[in-house]
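Chemist: I'd like to ask you about the structure that follows.
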Amino acid sequence: MHNRGLVKYKLHHLFFWMLVFGIWYFLRYQDYATSAVATRVTFIKVADLALLIYITNYLLIPQLFYKKRYIWFVVSFVVMIVTSSIIKMVLIGYANGDQQMIHLSGDLKTRIYDNVIPHFFLVIAGAAVKLMVDYSALQQRMAEMAKEKAEAELSFLKSQINPHFLFNSLNSVYFLINKENHEAREALHKFSDMLRYQLYEMNGARIPIEKELTYLKDYVDMQKLRKDENYSVEFSCSQEVKGFSIEPLLLIPFVENAFKHISHKAHSTNFVKLDISRSNGHFNFTIENSKETERTTELHGGIGLNNVKRRLELLYPDKYQLQIKDDETVYKVDLKLEIDN
């Protein structure tokens, strides 16, 4: 489906430039000695214009304009237009047999008026279309984010009733457990902290990474209680992972999935390895688990893998990399987020 869409997208571009070529040729072919010369000159002009528009729209605008490097954008744009105009005039001179254009001689004002200035306006027009399309896509994405956020908050408010009752009940059960049973008390205490995090810390906004990590650590500790010595659980987090915010409960589906689909081999170690780090302005999250050879690991239940990807697209557009490796014995997730301090 993606390849068909890409081919269709490219065909639209091809048909557009073929149409431009036809119109340009029809309007100007009588200015040249023969139709062959008119075809060559028209091809040079259309190809030159297309190249400039694509460089502007897919290189200069994303890499300079959108990153607020406006001076570099203007300088690069002007240099590109002037350089391209000179090259185009020389090529047209060879195609048309015009020695003055080949050597860039003759009336300088006419050369600028006929070649440089039209370049500016035509390429700017193409850039304006790109900006309008991107703005429309941004508005649509923001509307989708607002809708999904409202739906998530409504769902969360509805779900607060039962967990709130459960949270109060857990506090009562905690004091009923024998004080000698430290493991049971500690487990219930961690579960209460996790529930408190969901009830009181999540308010729809991003939360400090430290709180999200505490929630993950409590969940991992709870899962350790269910496993025997044949299961290895490693949780590694570098000290640099601090001082920034993250969307709440963004990582837990991957952790839940790892424990849900961990292997159950009797004669070899079953494992879950979680590694969290920070480097070069990115938050790195890696989790892998052993799995049964005949089973396929997928994110069942919860928000699901597709919904996790959708959430990443909405909340971290162009700021994340997600790689999933699923072989016969190991399932591994690598997530890299571009973070804002």
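Chemist: Which ones in the range 253-270 are surrounded by 17 or more Cβ atoms within 10 Å (Cβ to Cβ) and not polar (S, T, N, Q)? Lay out the reasoning, then the answer.
Modeler: Our first condition is that a residue be surrounded by 17 or more Cβ atoms within 10 Å (Cβ to Cβ); within the range 253-270, this holds for 253-259, 261-263, 270.
Within the range 253-270, PRO253, PHE254, VAL255, GLU256, ALA258, PHE259, HIS261, ILE262 meet the criteria.
Chemist: Another question about this same structure. Does ARG4 satisfy the condition of being at pLDDT below 75 and either outside any helix (DSSP H, G or I) or of a type in the set (D, E, K, R) (or both)? Steps first, please.
Modeler: On the way: at pLDDT below 75: yes; either outside any helix (DSSP H, G or I) or of a type in the set (D, E, K, R) (or both): yes.
Yes; evaluated as a whole, the condition is true for this residue.
Chemist: I'm checking my understanding of the structure. Among residues of the range 261-312 that are at pLDDT below 85 and not in a loop (DSSP other than H, G, I, E, B), which one is farthest from the chain's Cα centre (by Cα)?
Modeler: The extreme case among them is GLY304.
Chemist: Looking only at the range 9-55, count every residue that is of a type outside the set (Phe, Trp, Tyr), assigned to a helix (DSSP H, G or I) and without any contact (Cβ under 8 Å) to a residue 40 or more places away in the chain and tell me the total. First the steps, then the outcome.
Modeler: Narrowing the range 9-55 to residues of a type outside the set (Phe, Trp, Tyr): 10-14, 18-20, 22-23, 27-28, 30-31, 33-42, 44-53, 55.
Subsequent filtering for residues that are assigned to a helix (DSSP H, G or I) retains 10-14, 18-20, 22-23, 27-28, 30-31, 35-42, 44-53, 55.
Filter again for without any contact (Cβ under 8 Å) to a residue 40 or more places away in the chain, leaving 10-14, 18-20, 22-23, 27-28, 30-31, 35-36, 38-39, 42, 46-47, 50-51, 55.
The total comes to 24.
Chemist: Of the residues that sit in the range 90-141 and are in a loop (DSSP other than H, G, I, E, B) and among the charged types (D, E, K, R), which one is modelled with the highest pLDDT?
Modeler: Of everything passing the filter in the range 90-141, ASP98 is modelled with the highest pLDDT.
The values are calculated or read from the model by the stated rules, or taken from the named source; none is laboratory data. As the structure is a computational prediction, the values presented were derived from the model and not from experiment. Quick reminder, even Gly has a Cβ in these numbers, built from the backbone with ideal geometry, and neighbours come from all protein chains shown.
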